[in-house]
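Student: A single structure is presented below for examination.
The values are calculated or read from the model by the stated rules, or taken from the named source; none is laboratory data. From a predicted model like this one, the values you see are computed outputs, not experimental measurements. All Cβ positions, glycine included, derive from the backbone under ideal geometry; neighbour counts span all protein chains shown.
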Amino acid sequence: RPSPGSLTEKSTVLTADHINATWHQFQKFLDASTGSHVTGLSELKKYFKLFGYIAALDTNVTDTFDERLESAVIRYQSKLGLPVTGKLDLDTLSQIMLPRCGMSDTHELHTTRH
Amino acid sequence: FAYFPGEPRWNRPNPMSLSYAFSPDHMISYLTASDMRAVFQRAFSRWAAVIPVSFYEAQDYHSADVKIGFYSGDHGDGQPFDGVLGVLAHAFSPESGRFHLDAAETWAVDFGNQKSRMAVDLESVATHEIGHVLGLGHSSVKEAIMYPSLIPRTKKVDLRVDDVEGVQALYGSNPNFRFSSLLASETSSNQ
């Protein structure tokens, strides 16, 4: 789990003015991966549910980085053209925290990559 | 590019013409009506340039094909807005025509006049949402209009090859459109 200072050292992206107030708290998940337990991770699971990367959530959503979350991260990274690491790396978290359209990302039937 | 399940599209007699109108009750007061109309006219015209579909502003909101409004929080469609930034807008697949923008955002038509660091370019978001209205889903191509995110205080309004190929597969090509001009423009901007 990174210290608050490490974000400043590692990234100008996460400290830029465009950080999104709504998802600002997600920056504490930097470098989280399978097995991590970080308070608030359940909110990230809800984010992935909202945008179509997790089909359904349990009633009691936990703050553990489980396999379902890892799968969602991989799908997110693949869909949005990010390096596929399965971890909440800097590129991934920066993308997650950007303001965006509210429509789901994953309802497509046909895609073409150029 | 991507589509909604079933690849829904507008089904109208040729030549296809779709109307749009602004909600009489759900607008924002700090942008003038003329600025607002100009922004949407430009956004619709970009799509109309590549497909054989024209758009016109209608006066009667309730009978318009595309209904545009600014809403806050839970506004009754099951997809509540979340305040400043976060989700900026959403629009539904054909032939719903619902086009909703989050009233909590600081919408800008000119960053010279709108100094907020949180300002969001209305024309960029409008162009993206019209893509949904026409039947496009989110693209994986970062430069495409249909990529889902937008950085505040940035303008992204030009359709890319990915957007054009996607929408033309649904509606066909505007006879006046030339792919070569788009490719030249895209190559130039990439350089």
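Student: Go through the range B:92-140 and give me each residue that's basic (K, R) and over 14 Å from B:I68 (Cβ atoms).
Tutor: B:K115, B:R117
Student: Checking A:Q25 against (1) crowded, with 17+ Cβ neighbours inside 10 Å; (2) within 26 Å of B:T106 (Cα to Cα); (3) not hydrophobic (A, V, I, L, M, F, W, C), which single condition isn't satisfied?
Tutor: So A:Q25 meets the others, but not (1).
Student: Okay, next question. Wholly within chain A, which helices (runs of 4 or more DSSP H) include no fewer than the required count, namely at least 1 residues that are at the interface with chain B (Cβ under 10 Å from one of its Cβ atoms) and at pLDDT 95 or above?
Tutor: A:41-50, A:67-79, A:90-97
Yes/no per residue for (1) within 16 Å of A:R100 (Cβ to Cβ); (2) at pLDDT below 95; (3) among the small types (G, A, S):
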site	(1), (2), (3)
B:P80	yes, no, no
B:S96	no, no, yes
B:T127	yes, no, no
B:L136	yes, no, no
B:V161	no, no, no
B:S173	no, no, yes
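Student: Quick one: what pairs do we get from the range B:66-90, first residue within 7 Å of chain A (Cβ to nearest Cβ) and without any contact (Cβ under 8 Å) to a residue 24 or more places away in the chain, second aliphatic (A, V, I, L, M) and part of a loop (DSSP other than H, G, I, E, B), C-beta under 6 Å, 6+ apart or different chains?
Tutor: Sorted first by the residue in the range B:66-90, then by its partner, the pairs are B:G83/B:A104.
Student: Moving on. If you scan the range B:8-17, which residues turn out to be assigned to a loop (DSSP other than H, G, I, E, B) and surrounded by fewer than 16 Cβ atoms within 10 Å (Cβ to Cβ)?
Tutor: If the condition is that a residue be assigned to a loop (DSSP other than H, G, I, E, B) and surrounded by fewer than 16 Cβ atoms within 10 Å (Cβ to Cβ), then B:N11, B:R12, B:P13, B:N14, B:P15 are the ones that fit.
Student: Do we find a residue being among the basic types (K, R) and either within 25 Å of B:L183 (Cβ to Cβ) or in contact with a Ser or Thr (Cβ under 6 Å, 6 or more places away or on another chain) (or both) anywhere in the range B:135-152?
Tutor: Scanning the range B:135-152 turns up at least one residue that is among the basic types (K, R) and either within 25 Å of B:L183 (Cβ to Cβ) or in contact with a Ser or Thr (Cβ under 6 Å, 6 or more places away or on another chain) (or both).
Student: Can you find a residue in the range B:4-19 that is hydroxyl-bearing (S, T, Y) and either closer than 30 Å to B:G112 by Cβ or within 14 Å of chain A (Cβ to nearest Cβ) (or both)?
Tutor: Looking through the range B:4-19, none of the residues is hydroxyl-bearing (S, T, Y) and either closer than 30 Å to B:G112 by Cβ or within 14 Å of chain A (Cβ to nearest Cβ) (or both).
Student: Would you please name the residue that is farthest from B:D102 (Cα to Cα), looking only at residues in the range B:31-61 that are touching a residue at least 40 places away in the same chain (Cβ under 8 Å) and in a loop (DSSP other than H, G, I, E, B)?
Tutor: B:P52
Student: Inspect all residues belonging to the range A:86-97 and state whether any of them is under 13 Å from the mean Cα position of the chain (by Cα) and more than 30 Å from B:M118 (Cβ to Cβ).
Tutor: yes
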